[in-house]
1. Does Leu55 satisfy being among the aliphatic types (A, V, I, L, M), modelled with pLDDT of 85 or more and touching a helix residue (DSSP H, G or I) at 6+ places or on another chain (Cβ under 7 Å)?
2. Identify all residues within segment 1-27 that are outside any loop (DSSP other than H, G, I, E, B) and either more than 16 Å from Pro58 (Cβ to Cβ) or in contact (Cβ under 8 Å) with a residue 40 or more places away in the chain (or both); write none if there are none.
3. Can you tell me which residue in segment 21-61 is nearest to the chain's Cα centre (by Cα), limited to those that are surrounded by fewer than 10 Cβ atoms within 10 Å (Cβ to Cβ) and farther than 21 Å from Lys5 by Cβ?
4. Inspect all residues belonging to segment 28-40 and state whether any of them is at pLDDT below 85 and part of a strand (DSSP E or B).
Amino acid sequence: MAGIKPARPEPELLGEVGRYHVRRIKKSKDEQVLDIREHVLSDSFEGYTRRGIVLAIPGELDKLRSLLDSVR
């Protein structure tokens with residue numbers, strides 16, 4: 001059928017760092033991204049903020065790991 005988009009893949013929650021959630025999103029069989037964004041819970045809203053960090057895996061993730069190791 002024309003006009004019907006395939007369902008978005010469900011993000012996998014890998015962990016929480018403070019008020020931020022770290023999620024893996026599989027774009028395709030071979031492509032995945034790491035999504036880091038604030039999770040808001042209030043009386044009027046529950047969900048993720050629009051602003052966040054999205055890293056392609058593995059190239060950018062290796063660079064992030066190296067940077068984090070240098071801060072220890």
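1. So Leu55 fits the description; yes.
2. Just the residues of segment 1-27 that are outside any loop (DSSP other than H, G, I, E, B), to begin with: 12-17, 20-26.
Those that are outside any loop (DSSP other than H, G, I, E, B) and either more than 16 Å from Pro58 (Cβ to Cβ) or in contact (Cβ under 8 Å) with a residue 40 or more places away in the chain (or both): Glu12, Leu13, Gly15, Glu16, Val17, Tyr20, His21, Arg23.
3. The first filter runs over segment 21-61 and keeps only residues surrounded by fewer than 10 Cβ atoms within 10 Å (Cβ to Cβ), leaving 28-30, 41-46, 50-51, 59.
With the extra rule that they be farther than 21 Å from Lys5 by Cβ, the set shrinks to 41-46, 51, 59.
On the way: Leu41: 18, Ser42: 21, Asp43: 24, Ser44: 23, Phe45: 19, Glu46: 17, Arg51: 11, Gly59: 15 Å.
My answer is Arg51.
4. From segment 28-40, those at pLDDT below 85 are 28-31; that's our starting set.
From what's left, part of a strand (DSSP E or B): none.
Taking every residue of segment 28-40 in turn, none turns out to be at pLDDT below 85 and part of a strand (DSSP E or B).
The values are calculated or read from the model by the stated rules, or taken from the named source; none is laboratory data. Just so you know, these numbers come straight off a predicted model, no measurement behind them. All Cβ positions, glycine included, derive from the backbone under ideal geometry; neighbour counts span all protein chains shown.
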